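**Q** I'd like to ask some things about the structure below.
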Amino acid sequence: MKVLRKKSRKNTKHPRKKKRKKTNVSRKKSRKTMKNSRNTQCPSGCVKTRKVNWKNSRKISRKNTRTARKVSRKKTRIPRKVSRKKSRKVSRKVSRKVSRKKSLTSMKVSRKKTRIPRKVSRKVSRKKTRIPMKVSRKVSRKVSRKVSRKVSRKVSRKVSSKVSRKVSRKKTRITRKVSRKKTRITRKVSRKGISKSKKMATCSKLKGMRNIGNTCYMDSVLFPLIALPSKYIRSTMLGNQTSVEKPGDTEKEKKRKKTRRILKNSLVKLYLAIRKGDETPTVKKVKQAFKRCPSNFESNYSDYGQEDAGEFLQTMADVFDLNDMKRQFTVYGTNDINPTPSNENLVVSSNREEFQSIIQQVTVEQLRHGHVNTPVKIGSFLKSVDDSGELDLANSFTPEINGKVEIFKRRIAKTEVIDTPYLVFYIIRQGLMKRDKDGNIKFNRDGMPQINPSIYRKVVDPSETLTLPSKRVLMLTSIVLHLGSTIESGHYILYFKCDGEWWVYDDTSTGFVKIGSFDKMLQRNPNPKTYGTLFYYI
């Protein structure tokens, strides 16, 4: 039993060793058979020589194999280099030919593919970009989206980008043309609107000036000049042309231009405060500017005393040379004492045109004719007549006509406004002389006429528009009213036109009060017909 176990262990555990032993045994047997065969073929003495020869033959064979290998390597190396160069040249030529053929074919294919959609896309884009000009924007957007989708599907990205650039350029050109046409149309419309309503103001951003102590006369006079639009006032009062000094100016002219420049700067600041300011504007800087002015004025406007609005407007017109009213001035001489002399008896002594102030004064004596309640149209004040009445021999009118001096008992001077870019009627309601029942003037002991201190409330009917002899049409824009029994006391307010409607401006209260139409303004209390002193026509 023990023997069997050993055999089984040997057989089971090492089966590979058995195989190795067998193979070794077989090798040894083959070697022995080889030796025996050699011994049988040759005699006994040649065994050693055979061994030597066998060894030498092995060495020779080894050398031959080495040399053959070297030769084979050299032979193989040479054609490799040659083959590489040749193969590179050949491959380049072949690759070039192949690439050229491929590129030509691809170019032909791409040209065919791209040419057709370019033409189609151009035609389509031209047709479909012209059509949306007539159609609304919504339709044009839908059409452009559909066209862009179709083109992007058919054409490559490069082609579509080029086409889209061209289309966008065309669209931008078309939109520019359309925008230019629209701007031209709007400009024409705006010009028409300005020509019709050039005297109208846009009062959405206007701010009234606040009273800082007896400044109502200045606020009511400056607001219509600065706040309401007028090219004439902007060029004269707010421009730099009239305040520039020249080398040939005298000292008086230099002083006037300096005062003009100082006041102009203060008025420009006031203009910006009324139009674009955040705080409520005041005339404090204007009063300070009057202090710094070198020229002397009749009244001290830098102080906070009561002043007349009409006189303040006249000083401003004198400072800024507002002398652009064209008037016809004619003087007649006659010996006819009748109240209405015939034209045959009137002899023209002088006839001239002159440029004077834009303020047309209307004295109390001109208002006195007729009853107080009988209205006088404001257009009648464009013509004024100064009649001397019957003169004494010592005060007779002696003009020189055609080189001869003639003597007349009566002098009649007529003035007529022909043309003006800006017109202000200054109606003087104070200074009416006292008269007796017969109409004769009453005098004091000193020989001076007695003057009535109360204000003369004559009814003056303003018209909405005025047509001058030069066919210029002026429009009423504002009216300054004086509230009070005498000039020495009272308050000034303003009625002004803005956005086609009339408003009330009072510097003692904030904001503007709406009146409405022109007819409502004439019926409002205080009534502008009896309380109006300054009437602005632009």
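**Q** If you go through the stretch 524-532 one residue at a time, do you hit one that is under 36 Å from the mean Cα position of the chain (by Cα), surrounded by 12 or more Cβ atoms within 10 Å (Cβ to Cβ) and not small (G, A, S)?
**A** no
**Q** Looking for something at pLDDT below 95, more than 24 Å from L206 (Cα to Cα) and in contact with a Leu (Cβ under 9 Å, 6 or more places away or on another chain) - is there at least one such residue anywhere in the stretch 492-507?
**A** Scanning the stretch 492-507, I find no residue that is at pLDDT below 95, more than 24 Å from L206 (Cα to Cα) and in contact with a Leu (Cβ under 9 Å, 6 or more places away or on another chain), so the answer is no.
**Q** Could you please let me know if E390 is assigned to a strand (DSSP E or B) and modelled with pLDDT of 80 or more?
**A** no
**Q** Another question, if that's okay. Kindly indicate the residue of the stretch 415-460 that is at pLDDT 85 or above and of a type in the set (S, T, N, Q) and also farthest from L382 (Cα to Cα) among those meeting that condition.
**A** T420
**Q** Provide a single number: the residues in the stretch 331-350 that are in contact (Cβ under 8 Å) with a residue 24 or more places away in the chain and assigned to a strand (DSSP E or B).
**A** Qualifying residue count for the region: 7.
**Q** So which of F297, F290 ends up being more than 38 Å from the chain's Cα centre (by Cα), in the same structural domain as R411 (by TED's automatic domain parsing) and among the aromatic types (F, W, Y)?
**A** F297
**Q** Another one. Any idea how many residues of the stretch 476-518 are more than 25 Å from V372 (Cβ to Cβ), of a type in the set (A, V, I, L, M) and surrounded by 21 or more Cβ atoms within 10 Å (Cβ to Cβ)?
**A** Counting residues in the stretch 476-518 that are more than 25 Å from V372 (Cβ to Cβ), of a type in the set (A, V, I, L, M) and surrounded by 21 or more Cβ atoms within 10 Å (Cβ to Cβ) gives 0.
**Q** When the stretch 441-485 is examined, which residues are found to be touching a Pro at 6+ places or on another chain (Cβ under 9 Å) and among the aromatic types (F, W, Y)?
**A** The answer is F443, and nothing else.
**Q** Sticking with this one: If I ask for residues that are closer than 20 Å to G511 by Cβ and assigned to a helix (DSSP H, G or I), which ones from the stretch 273-285 would you list?
**A** Hits for the stretch 273-285 are A273, I274, R275, K276.
**Q** Does Q328 count as in a strand (DSSP E or B) and among the polar types (S, T, N, Q)?
**A** Considered against the rule, which asks whether it is in a strand (DSSP E or B) and among the polar types (S, T, N, Q), Q328 comes out as yes.
**Q** Just to verify a result, which residue in the stretch 464-475, among those that are among the aliphatic types (A, V, I, L, M) and surrounded by 12 or more Cβ atoms within 10 Å (Cβ to Cβ), is nearest to Y422 (Cα to Cα)?
**A** Only one residue tops the list, namely L474.
**Q** Related question: Restricting attention to the stretch 489-532, which residues are among the charged types (D, E, K, R) and assigned to a loop (DSSP other than H, G, I, E, B)?
**A** Matches in the stretch 489-532: D499, D506, D507, R524.
**Q** What is the residue count in the stretch 299-323 for residues that are farther than 22 Å from T250 by Cα and free of Cβ contacts under 8 Å to residues at least 40 places away in the same chain?
**A** Qualifying residue count, the stretch 299-323: 5.
**Q** Turning to a different aspect of this structure: When only residues in the stretch 502-523 that are within 23 Å of D461 (Cβ to Cβ) and polar (S, T, N, Q) count, which is nearest to the chain's Cα centre (by Cα)?
**A** The extreme case among them is S517.
**Q** Restricting the search to the stretch 393-413, which residues are surrounded by 10 or more Cβ atoms within 10 Å (Cβ to Cβ), out of contact with any Lys or Arg (no Cβ under 6 Å at 6 or more places or on another chain) and not in a loop (DSSP other than H, G, I, E, B)?
**A** E400, I401, F408, R410, R411, I412, A413
**Q** Could you please let me know if Q361 is at pLDDT 85 or above and either of a type outside the set (G, A, S) or touching a helix residue (DSSP H, G or I) at 6+ places or on another chain (Cβ under 8 Å) (or both)?
**A** So Q361 passes the test.
**Q** Moving on to the next point. Which of the residues that make up the stretch 452-463 are surrounded by fewer than 13 Cβ atoms within 10 Å (Cβ to Cβ) and either assigned to a strand (DSSP E or B) or not polar (S, T, N, Q) (or both)?
**A** P453
**Q** Suppose the filter is within 27 Å of M475 (Cα to Cα) and touching a strand residue (DSSP E or B) at 6+ places or on another chain (Cβ under 6 Å); does S388 pass it?
**A** Criteria not met by S388.
**Q** Kindly evaluate P469 against the criterion of being outside any strand (DSSP E or B) and either touching an Asp or Glu at 6+ places or on another chain (Cβ under 9 Å) or polar (S, T, N, Q) (or both).
**A** yes
**Q** Looking only at the stretch 368-376, decide whether some residue is more than 44 Å from the chain's Cα centre (by Cα), free of Cβ contacts under 8 Å to residues at least 40 places away in the same chain and not in a loop (DSSP other than H, G, I, E, B).
**A** no
**Q** If M521 satisfies every condition in (1) touching a residue at least 60 places away in the same chain (Cβ under 8 Å); (2) buried (at least 16 other Cβ atoms within 10 Å of the Cβ) but one, which is the exception?
**A** Single failed check for M521: (1).
The values are calculated or read from the model by the stated rules, or taken from the named source; none is laboratory data. Since the structure is predicted, the reported quantities are computational estimates derived from the model, not experimental observations. Heads up, the Cβs are rebuilt from the backbone with ideal geometry, glycines too, and the neighbour counts pull from every protein chain shown.
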